[in-house]
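Structure first, commentary second.
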Amino acid sequence: LETASKKRKHDVSSIDKNSADLKKSKKNFSKTDSESDVESIISDDERNSIISAKSKKNPKQWNETYPTTSEYTDQYDVHITNDFKNTDEDIPPISVYIAVGFAVEIKKFHIESITEKVLSVEPSNDKSFSRQTEIHRPVAYSILLVDDCKKIVYHKFYCGLDVIANLVLSLQNISKAVLKYMERNIPMNKNDIISQNKCHLCGKLFSKRCISVKNHDHFTGKLLGKACEGCNLNYKVTQFLPIVMHNLSGYDSHLILKEISSNLAKKIKIIPVNTQKCMSFCIDNLVFLDSFLFLPCKLSTLIENLKQSDHKFPIFNSFFYSYDNRKHLLRKGVFPYSYFDSFVKLKNRKLPPKSAFFNNLTNENISENEYRFAKFIFSKFKCQNFEDYLRLYLNTDVVLLAEVFENFRTLSMDYFQLDPVHFYTTPSLTWSAGIKTTNVTLELLTDIDIYLMLEAGIRGGMCQVSKRYSKANNKYLDNFDELLESKFILSLDVNNLYGTAMAFYKLPESEFRFFNKKEMDTFSLMPVTSDSNVGYILEVDIFYPPELHSKHNSFPMAPYHETINYDMLSPYQKNLCKQFNIKINKNCKKLLNTFNEKKNYVVHYLNLQFYIKHGLYKLKKFIK
């Protein structure tokens with residue numbers, strides 16, 4: 001090390017695979033008495049690869065510390081990179097138990113908008129275009145504050161021009177009051193006695209190294225159980241108020257973020273999906289969550305599911321205390337979205353005709369039964385004008401959303417002791433639940449070659465041109481033509497692909513390493529079973545036999561990242577490029593299903609077994 005780095009003195013550390021802790025070498029390799037000026041971290045594998053090295057005096061000085069052309073790098077496989085953080089600043093993805101216990105308060109709300117019509121000029125026919133037909137202006141909201149006992153603490157309906165500003169100010173005032181209330185610190189009830197031999201938070205058995213302490217709820221004074229010292233210190237009340245909306249990322253977030261200014265918020269954080277969508281955002285202590293990212297169904301479907309499960313609807317029943325009213329409102333309401341394009345219509349004293357309920361976005365109208373229901377609700381609840389109907393619609397929606405999401409939180413807490421409001425999506429929740437349930441400690445990858453190889457195996461979504469139209473012709477159809485070839489259409493779909501793979505196949509967790517030469521020469525792929533305790537990632541060359549091209553033409557196997565050049569285009573595509581002056585991006589790679597030969601193809605052993613069984617050839621045995 002010191003010879004290769006111009007006699008500089010080093011502090012050398014290695015990583016313990018079991019604990020991911022850094023162990024500093026106690027040996028003094030250098031003959032000089034000068035203070036060390038380079039920190040190096042060496043992986044604990046056969047080759048002792050350098051995975052991190054930096055100059056103490058100048059942290060950016062990487063290449064000067066380790067000249068990549070030296071004999072040392074050829075001999076010891078040194079990797080110099082700025083893409084990795086220092087290992088001592090990272091924590092391996094071990095079992096982290098998040099959100100044990102309910103948040104004290106949670107807010108649900110719903111926004112309704114008017115759809116102002118927009119007059120636009122007819123666009124040119126020889127260019128692609130988007131026509132703006134409506135502008136959505138928020139006109140009203142309904143918010144509901146629910147505590148951890150499923151009791152309604154606060155409710156507000158507001159209708160006016162300054163909806164977003166009023167909404168944010170209302171939420172901020174409520175947040176301040178709630179967080180102030182949660183600051184109280186009630187001493188533990190010393191009379192509470194509990195006998196446990198393991199931590200009630202992480203499940204570790206108590207020992208001389210794992211000392212137990214009493215862990216109590218500072219908000220109520222109630223003894224929660226015995227915990228280890230680390231869990232007890234880290235058990236803190238989160239200082240935020242979760243705000244839950246259904247389809248926040250698809251609709252409501254646009255209305256809110258467009259109106260937010262520095263006068264309304266000191267600190268805004270956004271988790272974007274793309275330039276048009278965000279997964280979540282924070283305004284000061286308010287964390288906005290999309291319930292649709294946890295429960296991807298229409299609210300009407302979620303309500304029906306709850307009704308079929310014999311749910312008691314405690315929040316709904318406390319809001320609509322009359323049984324006669326409840327039995328009519330326990331469903332998604334009917335609202336004329338496209339009709340509501342002006343504040344003036346709020347004063348209309350009658351419900352609009354059925355034709356006004358036509359939805360321009362979906363090109364659908366409501367049924368006669370739905371319209372009769374809307375008229376019945378307008379009359380039953382003595383609505384004096386359309387604003388009263390809007391109020392009832394929003395209040396019903398927000399209460400039912402609270403019912404659905406609170407039930408989801410209860411189920412998650414019962415099964416996994418994880419609260420969904422500390423996550424952004426179902427995948428992030430289920431990942432933590434999987435780590436917690438299996439009690440697996442994932443090994444930190446310290447070899448950059450292993451990391452890069454696994455990264456090369458990431459596929460993504462396939463790029464294709466789907467067939468838009470197909471006409472069936474068979475004996476089961478009334479218009480069957482016997483002179484033509486029989487043709488059937490079958491629609492296939494597979495749900496929960498990721499969940500199925502994680503549930504039925506063993507996933508890699510530790511002891512990642514490369515094959516040595518002897519293992520490569522003796523390894524046999526096909527006998528390895530799907531339930532093997534040892535898995536394999538392979539790098540191979542794959543050849544697609546010509547005799548399979550016709551059979552596999554609809555869906556070739558082994559998708560591969562390729563750069564599309566002009567010569568690969570069909571005559572029709574080339575003509576389109578010429579007609580619309582489209583330039584091919586030479587640096588853009590796409591995931592393609594082709595019959596081309598795949599070079600250095602990184603693949604899981606189960607996939608490769610499947611490919612070989614169906615006729616593909618593995619040209620080169622290059623196993624890692």
Of the residues in the range 136-175, those that are part of a strand (DSSP E or B) and under 30 Å from Val213 (Cα atoms) number 1
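Go through Leu346, Leu400 for me and flag whichever is at pLDDT below 90, more than 24 Å from the chain's Cα centre (by Cα) and part of a helix (DSSP H, G or I).
So the residue among Leu346, Leu400 that is at pLDDT below 90, more than 24 Å from the chain's Cα centre (by Cα) and part of a helix (DSSP H, G or I) is Leu346.
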Checked against (1) among the aliphatic types (A, V, I, L, M); (2) under 31 Å from the mean Cα position of the chain (by Cα); (3) not in a helix (DSSP H, G or I), Val178 satisfies every condition except (3)
Considering the range 459-485, residues that are of a type in the set (D, E, K, R) and in contact with a Lys or Arg (Cβ under 9 Å, 6 or more places away or on another chain), and then whichever is surrounded by the most Cβ atoms within 10 Å (Cβ to Cβ), we arrive at Lys471
Restricted to the range 298-323 and to residues being touching a helix residue (DSSP H, G or I) at 6+ places or on another chain (Cβ under 8 Å) and among the β-branched types (Val, Ile, Thr), the residue farthest from Leu144 (Cα to Cα) is Ile303
Picked from the range 272-285 (must be touching a residue at least 24 places away in the same chain (Cβ under 8 Å) and of a type outside the set (A, V, I, L, M, F, W, C)), the residue farthest from Asn166 (Cα to Cα) is Lys277
_Being under 25 Å from Thr446 (Cβ atoms), outside any loop (DSSP other than H, G, I, E, B), free of Cβ contacts under 8 Å to residues at least 60 places away in the same chain and of a type in the set (D, E, K, R) is the requirement here; does Lys518 meet it?_
yes
Here, strands (runs of 3 or more DSSP E) confined to the range 561-624 with at least 1 residues that are basic (Lys, Arg), touching a Leu at 6+ places or on another chain (Cβ under 8 Å) and surrounded by 11 or more Cβ atoms within 10 Å (Cβ to Cβ) are 617-620
Considering residues that are of a type in the set (A, V, I, L, M), assigned to a helix (DSSP H, G or I) and over 20 Å from the mean Cα position of the chain (by Cα), the number found within the range 405-459 is 6
Counting only residues that are surrounded by fewer than 19 Cβ atoms within 10 Å (Cβ to Cβ), assigned to a helix (DSSP H, G or I) and of a type in the set (Phe, Trp, Tyr), the range 272-327 contains a total of 1
Within the range 521-542, residues within 36 Å of the chain's Cα centre (by Cα) and touching a residue at least 40 places away in the same chain (Cβ under 8 Å) come out as Leu525, Met526, Val528, Ser530, Gly535, Tyr536, Ile537, Leu538, Glu539, Val540, Asp541, Ile542
Only unsatisfied item for Thr426, checking (1) within 30 Å of Asp148 (Cβ to Cβ); (2) surrounded by 14 or more Cβ atoms within 10 Å (Cβ to Cβ); (3) modelled with pLDDT under 90, is (3)
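Condition first: assigned to a strand (DSSP E or B), among the small types (Gly, Ala, Ser) and surrounded by 20 or more Cβ atoms within 10 Å (Cβ to Cβ). Now tell me which residues in the range 205-254 satisfy that.
Ser212, Ala227
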Picked from the range 382-416 (must be surrounded by fewer than 16 Cβ atoms within 10 Å (Cβ to Cβ) and not polar (S, T, N, Q)), the residue nearest to Leu306 (Cα to Cα) is Leu411
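Among the residues of the range 342-365, which ones are under 19 Å from Asp388 (Cβ atoms) and surrounded by 10 or more Cβ atoms within 10 Å (Cβ to Cβ)?
Result: Ser342, Phe343, Lys345, Leu346, Lys347, Asn348, Lys350, Leu351, Pro352, Pro353, Ala356, Phe357.
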Note on the range 262-271: residues in a strand (DSSP E or B) and in contact (Cβ under 8 Å) with a residue 24 or more places away in the chain are Ile271
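The values are calculated or read from the model by the stated rules, or taken from the named source; none is laboratory data. Note that this is a predicted model, so its numbers are computed, not measured. In this analysis, Cβ positions are derived from the backbone assuming ideal geometry, glycine residues included, and neighbour counts consider all displayed protein chains.
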